1. Scan the helices (runs of 4 or more DSSP H) fully inside the range B:148-257 and keep the ones with 3 or more residues being aromatic (Phe, Trp, Tyr) and buried (at least 24 other Cβ atoms within 10 Å of the Cβ).
2. Residues in the range A:61-76 that are more than 7 Å from chain B (Cβ to nearest Cβ) and under 13 Å from A:PHE12 (Cα atoms): how many?
3. Being under 20 Å from B:LEU412 (Cβ atoms) and at pLDDT 90 or above: is that true of A:PHE89 here?
4. I need the full set of residues from the range A:91-102 which are within 7 Å of chain B (Cβ to nearest Cβ) and out of contact with any Leu (no Cβ under 7 Å at 6 or more places or on another chain), in order please.
5. Scan the range A:66-102 for residues that are surrounded by fewer than 24 Cβ atoms within 10 Å (Cβ to Cβ), within 23 Å of B:ILE61 (Cα to Cα) and in contact (Cβ under 8 Å) with a residue 60 or more places away in the chain and report the count.
6. So, A:LEU38, is that one more than 21 Å from A:ASP189 (Cα to Cα), at pLDDT 90 or above and either surrounded by 24 or more Cβ atoms within 10 Å (Cβ to Cβ) or more than 14 Å from every other protein chain (Cβ to nearest Cβ) (or both) or not?
7. Does A:ILE327 count as away from chain B (no Cβ under 14 Å) and surrounded by 15 or more Cβ atoms within 10 Å (Cβ to Cβ)?
8. In the range A:141-164, which residue that is within 10 Å of chain B (Cβ to nearest Cβ) and touching a residue at least 24 places away in the same chain (Cβ under 8 Å) is surrounded by the most Cβ atoms within 10 Å (Cβ to Cβ)?
Amino acid sequence: MIFNLDLNTVWFFLVGALFTGYAILDGFDLGVGALHLLTKTNTDRRLMINSIGPVWDGNEVWLVTGGGALFAAFPEVYATAFSGFYMAFMLLLFSLIFRAVAIEFRSKRPSPRWRNFWDVSFSAGSVVSALLIGVALGNIARGVPLDGDHEYLGSFWTLLNPYALLVGITTVALFVMHGAIYLVMKTEDGLQSAVRGWVNNTIIVFIICYAATTVATLLYVPNMTDNLREAPFLFILPILNMLAIANIPREIHHGREFRAFLSSGASMAALLALFGIGMYPNLILSLPEAANSLTIYTAASSVKTLEIMLIIAALGMPLVIAYTVSIYWIFRGKVRLDAGSY
Amino acid sequence: MSVELLSRIQFGLTIGFHYLFPPLSIGLGLFLVIMEGLYLKTGQVVYHQMTRFWVKIFGLIFALGVATGIVMEFQFGTNWATYSRFVGDVFGSALAAEGIFAFFLESGFLAILLFGWDKVKPRTHFIATVAVALGAHFSAVWIIVANSWQQTPTGHHIVSFGDSVRAEVVDFWQVVFNPSFLDRISHTLMGAWQAAAFFVISVSAFYLLRKKHVEFARRSIKIALVIAVFASVMQLVTGHSSASTVAATQPAKLAAFEGHYPADEPAGLYLFGWVDEDAEKTIGLQVPGFLSWLVHGDADAPVTGLQAFAPDDRPPVNLVFQSYHIMVGIGMALILLSLAGTYAWWRKSLFELKWLLTIYVVSVLLPQIANQMGWFSAEVGRQPWIVYGILRTSEALSRSVTSGQVITSLVLFSIIYVLLGALFVFLLNEKIQHGPGDEIAEGEGHRA
């Protein structure tokens with residue numbers, strides 16, 4: 001068995017589940033943002049924004065709560081990652097701020113210059129956010145220089161190594177694919193046929209990035225495959241991932257857009273599960289001094305706190321899932337513009 | 001400048017700017033529940049119109065609150081990593097609970113509040129409004145739990161972890177109900193209600209002076225005056241109770257509030273004054289013995305002064321003294337203003353008193369300033385400690401962050417926040433100038 005049955009492992013998977021929830025949910029609205037400038041007319045752009053209008057801030061709460069859970073369960077990781085990747089996280093925060101207010105401000109004024117400014121902010125904020133999230137993931141998997149007190153020893157430029165950038169680009173491609181599929185589900189008529197045209201391209205781009213990342217991981221970050229080698233049955237995850245991706249064009253072809261979206265979500269879940277299994281039990285790998293790595297044991301809060309947090313999660317998460325499902329249910333169907341829209 | 005000072009300025013700037021918005025969304029949440037509740041009960045169109053108008057304003061305020069709030073969730077890690085390592089076991093749980101119990105509730109149901117008018121039944125929409133208001137209040141609860149633990153830490157012990165030490169939870173309920181929590185949450189929530197009440201009063205008074213949307217404005221200002229009177233008078237109770245707790249648990253902070261230096265003498269209450277920190281004395285207009293009486297019920301009882309503390313253990317006195325006195329002064333002014341309006345309402349002259357309405361238009365700034373000053377005196381008054389008596393602010397920084405990095409982020413935050421602040425005021429003004437009512441004319445939404 002490659003997993004220990006203890007609270008630290010439970011919290012490893014719970015924090016992972018929160019960030020997976022974030023990737024699947026905010027992933028599509030970041031993807032919609034990245035595709036935003038491909039549409040040209042004001043109506044189409046408003047449709048793009050309003051397709052995510054009721055849900056984007058709820059989606060972002062998954063990141064905030066994931067951050068809180070990381071702070072509570074693994075404070076050393078929270079402290080090391082955010083202070084170590086200081087400028088990268090500040091850039092991420094600025095991107096998220098610009099993106100958030102762009103959604104709110106864009107349609108408040110009729111001036112084309114005003115709208116263009118916020119359209120570009122929305123799109124750039126979305127792309128940069130996705131890229132930085134991917135770069136951070138790439139770095140914690142590849143390893144960053146840490147000292148014995150778990151303090152980061154590198155600089156901002158250390159983070160921009162080729163492997164991390166590749167993971168970053170792959171993340172953008174993944175979110176763009178996911179966002180395009182979401183848009184097919186939410187739009188109709190002219191805009192929908194345009195988006196349908198994008199979907200296949202986004203799938204192809206993602207598969208190329210995914211293949212490149214896989215090869216790079218096998219060559220340069222072999223530690224990510226140790227657990228997989230020990231438990232070969234887990235190889236089902238990459239297979240599930242590929243099947244889910246292959247299923248997307250089929251569902252779209254048959255006009256089953258919601259199932260295409262579920263497939264895309266499932267492929268993201270499989271991908272992040274693969275990432276989590278590759279990392280376990282490490283949370284941030286230290287390179288070159290592997291002994292300084294932060295693991296679910298060296299970074300964790302006390303057993304008492306992990307137990308309290310488990311009660312909080314057990315009480316809260318069913319409610320969270322219930323709200324999320326009901327909100328998505330209420331706002332199901334095609335997006336239409338009305339007086340209340342952005 | 002040192003990393004410590006820069007990081008403190010950045011935290012102050014980002015939390016201060018963020019805190020312009022949450023009090024308004026907490027307080028407006030309450031207003032929306034009342035207005036929509038009245039609409040459902042009476043079926044009168046004007047209440048529907050009120051709800052629609054304030055929901056739009058709420059949406060704008062909420063968006064700014066979310067955008068600036070994400071920064072706060074991560075800034076403990078970016079700039080205060082040593083603090084995060086030290087307190088994560090205790091403090092992190094409160095932040096995670098805030099996310100799970102408050103933010104999801106608030107942001108999820110906000111979708112229905114803003115965009116669900118035609119998608120759900122009126123009753124369901126009302127439930128969403130209640131959920132958003134509750135979520136906003138819950139988020140205050142958890143963040144005040146976290147902050148109050150920094151002021152009056154209980155329910156933890158200090159243990160060694162690896163090569164360092166950290167605080168770990170012993171009793172979760174003692175962490176939550178630490179000695180200052182109940183006083184501070186009630187004081188904070190009343191401050192939020194005041195902020196929203198005077199915001200509604202200000203906009204309504206503006207319409208009444210311009211003789212526009214008169215029925216809307218009259219109903220709005222009446223609801224707001226009731227809440228303003230209640231919250232402003234309650235601040236006397238919660239404020240007094242908070243100060244008594246500070247006297248018992250953080251005596252150096254209380255001494256700084258009043259510029260009281262002698263280690264063990266009776267203390268008066270300054271109406272206003274100036275603290276000469278070098279000479280260790282305060283000059284100003286004072287009610288002798290009043291602080292002793294407030295704290296101990298005896299005008300001759302001694303109050304612990306700043307000289308009882310080593311100079312290294314004292315907060316910056318004049319800053320704390322001034323911000324505290326501005327808060328208290330505004331608190332008194334808000335009581336007078338809300339009572340004056342209620343009296344005029346009773347005399348049936350409220351809508352004709354131009355001078356009072358004019359004061360009301362600008363009164364929106366007062367609770368905002370008081371809320372900022374209150375936090376300023378609470379947080380600066382805690383110095384030099386980041387966790388009172390346990391961890392010093394100077395020992396809590398991120399070791400891997402340089403002053404150059406903090407200058408860069410501070411400059412960027414300043415530029416972005418000035419831009420956002422200006423755009424917020426511009427768009428808010430536009431919404432207010434545009435006024436309520438068009439929704440009804442366009443036949444949008446459900447009707448009575």
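1. B:181-210
2. Selection size over the range A:61-76: 4.
3. Criteria met by A:PHE89.
4. Selection gives A:LEU93, A:LEU96, A:ILE97, A:ALA100.
5. Selection size over the range A:66-102: 0.
6. No, not satisfied.
7. Judged against the criteria, A:ILE327 is not a match.
8. A:TYR152
The values are calculated or read from the model by the stated rules, or taken from the named source; none is laboratory data. Bear in mind that the values here come from a model prediction, so they are computed numbers and not experimental data. Positions of Cβ are backbone-derived with ideal geometry, glycine not excepted, and every protein chain shown enters the neighbour counts.
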